[in-house]
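Okay, so here's the structure we're looking at.
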Amino acid sequence: MSVKIRLRRTGALSAACWRIVVADARSPRDGRFIENIGVYDPRHDSEKLNVERMEYWVSQGAQPSLTVQAIYNRVKNGKPFPARREPVKNAAPAPKAVKAVEEAPAAEAEARATVGAAARADNPAAPLFVSAVTLSLLQLFDVRKVLFLCDLVRHDDPSVVVRAVTALSLCLRRHAPRLPFYPDVTARLAELARDDAFIDALTDVELMLLRSRDTEEIERRMRDEIIPAMLRNPKLKDKPIITTDDLRDPEGPDPDWQRWLEESGVEESLRELTEMQTNGADIYLCTFAQLKSYPFFAQLKNWFLPFRTSHPDVQPLLEGDATLLRLILRSPTFCNSDKYSFCFTLRQLPPSQLELLRSQFQEQQQALDEEQRTSLEALTQPASVSMRTLTRQYVQDLYRFFYLHPRRAPYGNPFAEYAPFGTALFAFPLASLRQLSELNIRRRDYVLALPFLEQIRDRFPQEADATLFRKLGYCYQQTGRHDEALEVLSLADILEPDRYWTLVHLARSYRESGRPAEALAHYRRAAALQPDNLQLDYRQARLLMTLGQPDEASRLLFKLVYHEPANARYLRHLVRCLLLTGRADAAVRHADALLGMPHAQLTDQDFHDAGLALWLDGRRDEALAVWSEADALAFDAPTLTAAGIPPTDIPYLQQLLQHYKAEL
């Protein structure tokens, strides 16, 4: 129970007085309390506090309110009640304040007119203005700017809309505790929440923010795994560039390359990254992070500048027939700042190399089919760029700024602060919740998947089927909340009984919750569905050993060792079961097989049990030799007792082992 120390109002409507009480945080302000420890009466400039009781409750974890903490500091230090401030009569407001209030509506109207005019003129001023408002809001909350962004959500320019929705997503998340104090903002947000187009745009932004959380992992894999693996390939020793001839041949794939790709694991990594890119992940940060040192990026606004082929630094590259280059620059694959980086890199090339590159582009352009030319014509129309593409590009531009810009610190990092919106702010529709939850499950971010799945369960009871309960149960398991996992997985088992996946995960949660008997029962139900599953037999054997039934466990372990005689995990548990059941003759045979495993696979417990089996078989010197190989051997009294060796003999065995090691 969370306990607060706070004020409780008493007295008449116009004669308020306050008691300082210790109360449950869930209780109303003037509701029931645990203890009354003081009085605060501002009408008579009086305050009393039992300092000893307050210090006691604070030591027990109670949290005092700011007002109570101030009263405590005054009473503790013997300071007087603070003097009242007399109101200044007929005081004229400051001239600057009057001027600011008078000019505020005109300035706001002028700003909106500027944004509208800039957008109609098809220049980057309007999107840049929205980005500037975003950075300002991230630094300091301003209700007028929030309302201004709410207006821009219905703007005619898709770029402005995308940036406004993204700004609301980032800024409202950061300033969420303030929103209840601004009814104008909450009313506007409630109005937007009923707008399907806004919710769709917000869903796209949320999806991109989630995908951006994988960018650092992608960059790490590119830097530490894929690129070093490519460079280790002997065929690249004298090749500065990988050509398509290296990867494929007109008559089939290059066998050496294909074999190397499969054996090195690069092929699987590249396939996974390609799939992530298809789903919107950012795989180019590692490439373009080193290309943000051009003077162009010294100006903060250029990190958010929409890409235009008419830009003076881009236009020289498009002289002549550079159709393919135009296609690359207009491609939705790269974000805006990366396209500028690409252009500045090309401009650094010597004229001869640039001309060679341009001619290669022209040759490849001749090979493009009609479908590609049609897509190129479509790309030349700004309206053809979808809202989702604009969202992905802008979120990637933001990500590069907040991770690469040298002066990013004053704005914080909104990507590191991501948390799902509560239903009190935006209640996403069912389709959006499914998209967000599925993406997080694919990303293996089960902590973020849970709020969306729980919203589906609570807000859409008709969708609460076995599939939803299985997803919830799996996410609860992955986050260590096994009691909740048992609750929802049991519901899934009721709705769809005897489903193998559900039974196995139920058994796992019972096992992790310290309930081996229930876990064993569910593993047996699963084994009835898949009788040849050796992993299920192994799980049952382990649980039987936990329940003190080594004889029954050994029957399952005999089956496992029969199918996989070289499995050290099966052998070690079988040897222990045989020792616990007093079958030393059978234990010694399997102990010999266990000792034949590679030394790196053996544990101190393996040496303990194998040595004990040899000792019982009369092979004392071999037993001492096996025990001496353990790093830190500790004789297990229950196992020795079950094997017929009383605990009183343990000191004798320890002395023998010490003497044996000393002779070595």
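Remarks
- Here the gap between R43 and L349, fully extended at 0.36 nm per residue and compared with their Cα-Cα distance, gives a gain of 102.3 nm.
- At a probe radius of 1.4 angstrom, the accessible area of segment 529-638 per residue rounds to 46 square angstrom.
- Here the accessible area is traced with a 1.4 Å probe on the protein chains. For segment 579-642, carbon and sulfur cover 50 percent of it.
- Each peptide among 599-609, 401-411 gets the average number of other Cβ atoms lying within 10 Å of its residues, and from highest to lowest they stand as 599-609, 401-411.
- Percent accessible area from carbon and sulfur atoms, segment 399-484, protein chains only, probe 1.4 Å: 51
- Volume per residue of the C-alpha convex hull in segment 527-664, rounded to whole Å³: 101
- Convex hull (Cα only) mean projected area of segment 456-519, reported in nm² to one decimal: 4.0
- For segment 386-533, the orientation-averaged shadow of the C-alpha convex hull comes to 12.6 nm² (one quarter of the hull surface).
- Kirkwood hydrodynamic radius over Cα pairs of segment 1-84, then Stokes diffusion coefficient at 10 °C and 1.306 mPa s, in µm²/s: 122
- Contour excess over end-to-end distance, with Cα ends at S293 and A566 and 0.36 nm allotted per residue: 92.5 nm
- Distant-in-sequence amide H partners of T10 (H built 1.01 Å from N, under 5 Å): C17, W18, R19
- Alpha-carbon Rg/Rh ratio, for segment 493-585, with Rh computed the Kirkwood way: 1.01
- Separation in nanometres of the label points that stand 7 Å from Cα toward Cβ, at I34 and T333: 6.2
- Label-point separation, E417 to Q462 (7 Å along Cα→Cβ), nm: 3.9
- Estimated inter-spin distance, K301 and S2, nm [label 7 Å along Cα→Cβ]: 4.5
The values are calculated or read from the model by the stated rules, or taken from the named source; none is laboratory data. The structure presented is a predicted model; accordingly, all values stated were derived computationally and were not measured. A quick note on method: Cβ atoms are made from the backbone with ideal geometry, for glycine too, and the neighbour counts reach across all protein chains shown. Quick note on the areas: whole protein, heavy atoms, side chains included, nothing else; ligands and nucleic acids left out. Shrake-Rupley method; radii C 1.70, N 1.55, O 1.52, S 1.80 Å.
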